[in-house]
1. Ranked highest first by average number of other Cβ atoms within 10 Å, how do B:162-170, B:241-249 line up?
2. With each pseudo-label sitting 7 Å past Cα toward Cβ, what's the residue A:32-residue A:69 distance in nm, one decimal?
3. What number of lysine-lysine pairs in segment A:1-120 show an alpha-carbon separation below 26 angstrom, given a sequence spacing of 8 or more or placement on distinct chains?
4. Give the separation of the Cα centroids, segment B:173-212 to segment B:303-320, in Å.
5. Before anything else, pin down the relative contact order of segment A:2-120: Cα pairs under 8 Å, at least 6 apart, normalised by residue count, whole percent.
6. Would you mind ranking A:109, A:96 by Cβ crowding within 10 Å, fewest neighbours first?
7. Which cross-chain or sequence-distant (5 or more) residues have an amide H under 5 Å from the amide H of residue A:31, H modelled 1.01 Å from N in plane?
8. What's the FRET efficiency of residue B:210 with residue B:230 using the Cβ-Cβ distance as r and R₀ = 25 Å, to the nearest 0.05?
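What follows draws every value from the coordinates through simple rules; no lab data is involved. Computed from a predicted model, the values in this text were never measured in an experiment. No Cβ is skipped: glycine too gets one built from the backbone with ideal geometry, and neighbour counts run over all protein chains shown.
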Amino acid sequence: MAAETGTPTTLTLKSNDDELFSVAESAAILSVTIRNMVEDGCAGGVIPLDNVDGKTLASVITYMNGISAIPADEEKKKSYRDKFLSDKDFETLADMVLAANYLNMSCLMDAVSAKIAQVMEKKSVGWVRRKFGIENDYTPEEEAAVKEEHKWTFEGVETDDDN
Amino acid sequence: MKRARGEDDSNSVDRISELPQGILQQILYHLSQEEAVRTSVLSKSWRYNWCTRPNLDFSDRSFFKGSKQYFLSVVDETLQRYRDQRLCIEEFHLCISLDDSDPASSSFLEKWIPTLATTNKEQGSVSTYPPSVVFEAELLQDLQVEELTLDRKAIDRIIHFKHLKKLHLLDVCIEAEIFQNIISRCPLIEDLFVEDCRGLRKIEVNDLHCLKDLYFTDYEVVEGDEECCSIEVYPPSLETIKVNYGNLRLSKGAVFCNLNHLYLCGVELLLDRLSSCKFPSLEYLSIVYCEGLRGIKLFMDAPNMVDFSYQGDFIPSISFASTSTEWKSDINLHLCDAPSLWSVKLRKLLKSLSQFQIFLWIIQEDDDGDGDGDGDSDVDGDGDGDGGGDGDGDGNGDYDDDNGDGDADVDADYDYDGDGDVDYDGDGDGDGDGDGDGDYDYDYDDGGDGDGDGGYDYDDYDDYGDDDDEHIIQENINLVQDKGCDKPVVVETLQIQWCSFSDIPSLFNGALCVCRPRNIGPYYRRSWEKEVVCAEKILMQRESGDDQDDQLRQLWLQDLEE
């Protein structure tokens with residue numbers, strides 16, 4: 001381990017499109033998946049991450065390095081996460097949430113899920129459908145029936161359909 | 001992976017619906033109940049996604065149109081469904097207002113709370129009148145109670161809250177005895193919030209060995225009102241203490257091994273015991289208007305400080321154990337007295353903080369109540385008593401504000417005659433100085449100004465005498481240049497806010513006698529641009545100007561380098 005040898009251990013991660021990344025072990029073990037590999041002694045060579053592409057992995061590594069450089073201060077970590085995610089579009093967020101899920105990084109997973117939820121917040125059904133490309137496969141009658149079933153959730157949100 | 005994209009950042013390929021259920025549940029987790037339910041209308045694949053999310057979050061406040069009855073039935077049906085399908089509820093948040101005329105709500109609670117016996121996390125927020133069944137929710141983790149009276153009747157049924165970690169009492173009428181009774185049954189409380197609870201004059205939480213965050217706030221005690229609530233704590237577990245208008249009672253020599261934040265506001269009780277305590281983990285200390293600090297010499301054994309802030313209307317005597325870390329201190333002083341009365345104390349304070357970055361903000365308060373903000377006091381600002389200066393500190397440094405002597409010729413003209421030729425008033429009287437001695441002759445004059453010279457003309461200040469100004473300021477400069485006295489302390493930023501124009505020279509001089517700011521300003525004075533410009537000129541002249549000012553500047557730079 002890094003602390004014992006005195007030099008920081010570096011791991012090599014390989015994305016599913018064969019890009020290689022070096023990352024400090026201390027940052028990489030934010031991923032429980034990678035930590036388990038390190039603990040099991042199978043992190044010696046290149047670690048293949050078959051479910052993550054290079055672009056997403058680069059982003060995740062930026063996050064790993066950024067967040068692990070912050071000492072144990074939850075507020076600072078939160079503001080780093082907010083800033084890190086602030087300029088990401090939904091495509092990127094979707095890739096990242098899948099990567100975080102695969103890498104078992106609960107803090108990133110939680111932050112990205114919250115960010116996606118934030119996009120949906122206080123928006124009309126029509127807006128959310130357009131934003132995320134969700135196809136409405138209800139017939140008008142079916143849709144009306146579902147709305148009626150949960151009519152309390154539609155109080156006060158009818159107006160922003162064009163937002 | 002390229003995907004067709006809509007024009008306006010909308011996606012034409014539906015990726016969100018394809019995300020694994022686990023991730024969708026995570027996303028839904030962050031939505032409010034109604035928003036999560038509303039996703040059922042998006043498409044057929046979304047219809048039942050919300051039904052299995054692990055948290056339920058109901059607030060009758062969001063049912064702004066629906067009736068209470070409807071709210072109760074929605075909660076009831078949802079809980080019933082979770083139970084029927086044996087779904088796991090990891091978190092249950094309920095915010096509900098109750099009162100005596102509403103037996104239906106209480107009876108529903110009687111039904112729901114046993115249902116939730118298997119729930120991992122529960123949060124309840126009750127207001128007005130708590131049915132005692134709330135106190136039977138054994139698995140409750142977070143309980144907020146607002147605006148009600150907790151009396152003997154309410155605690156009849158209280159059981160041991162083996163899981164309660166967070167207790168928040170807001171605007172609750174509760175006696176100390178009842179409070180202690182409740183606390184004694186919640187041994188695992190980590191967060192305790194007590195806000196504006198009438199009747200509660202004593203809090204003893206020595207037995208809460210898991211308590212991490214203690215937040216206490218009370219109404220500001222008005223004179224003649226009842227005494228501040230006294231708070232006794234168990235030091236080792238605490239990480240954050242915030243006390244607003246309460247009296248923190250510390251045992252002598254206590255070791256707060258985990259305390260990271262200490263915020264004290266309006267604490268009246270003498271804080272001298274702080275000096276005997278140890279704070280090995282303390283990083284943030286804020287002291288705001290604490291009378292308990294007046295007249296004592298406080299020593300903080302806190303070797304890991306990061307940030308100290310002080311706000312108050314007097315200059316405290318406070319020092320810190322030497323630290324290895326770099327930290328900063330914000331000193332925010334609202335002072336009524338003239339600089340001559342505080343500069344020595346300020347120097348002592350700054351010296352004790354001098355190994356750290358200091359941000360100093362001095363606000364001159366208008367104390368005399370006559371609305372003119374002139375303070376009507378000794379404003380010589382010479383920092384007498386420090387070994388330099390004239391030592392008398394008065395007699396020659398008094399602004400005569402209300403002289404009514406008809407000296408209408410000496411107001412609202414600013415004469416920066418240090419350089420011998422800058423005459424803003426245009427009335428000719430300022431140039432008489434012209435001695436190049438680097439002093440600042442403040443000449444407030446608008447009487448008979450009207451000269452259209454573009455000079456500064458302040459009608460509001462037409463009654464200041466200026467006879468002694470030159471002398472006063474010269475004394476200050478002498479003081480500043482006096483190498484024999486203590487070295488001024490370098491501060492990162494000095495901000496000064498003044499009530500009236502007459503304060504400016506004395507404030508700047510008073511402050512500059514004891515500190516060397518790397519940055520000055522911004523200034524705050526009710527958007528009086530001209531005065532800011534004026535003040536800046538004073539400072540500019542300190543830095544450049546004539547020969548003597550050059551010396552001064554060198555001295556200043558020398559101090560900064562050191």
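1. Details: B:162-170: 18.3, B:241-249: 20.9.
So the order, starting with the most tightly packed, is B:241-249, B:162-170.
2. Calculated label separation equals 2.7 nm.
3. 16
4. 29
5. Details: 130 pairs, mean separation 29.0, N = 119.
Here the relative contact order equals 24 percent.
6. On the way: A:109 21, A:96 26.
Fewest to most other Cβ atoms nearby, the residues stand as A:109, A:96.
7. So residue A:31 has HN proximity to no qualifying residue.
8. Details: r = 22 Å, r/R0 = 0.87.
Approximately 0.70, to the nearest 0.05.
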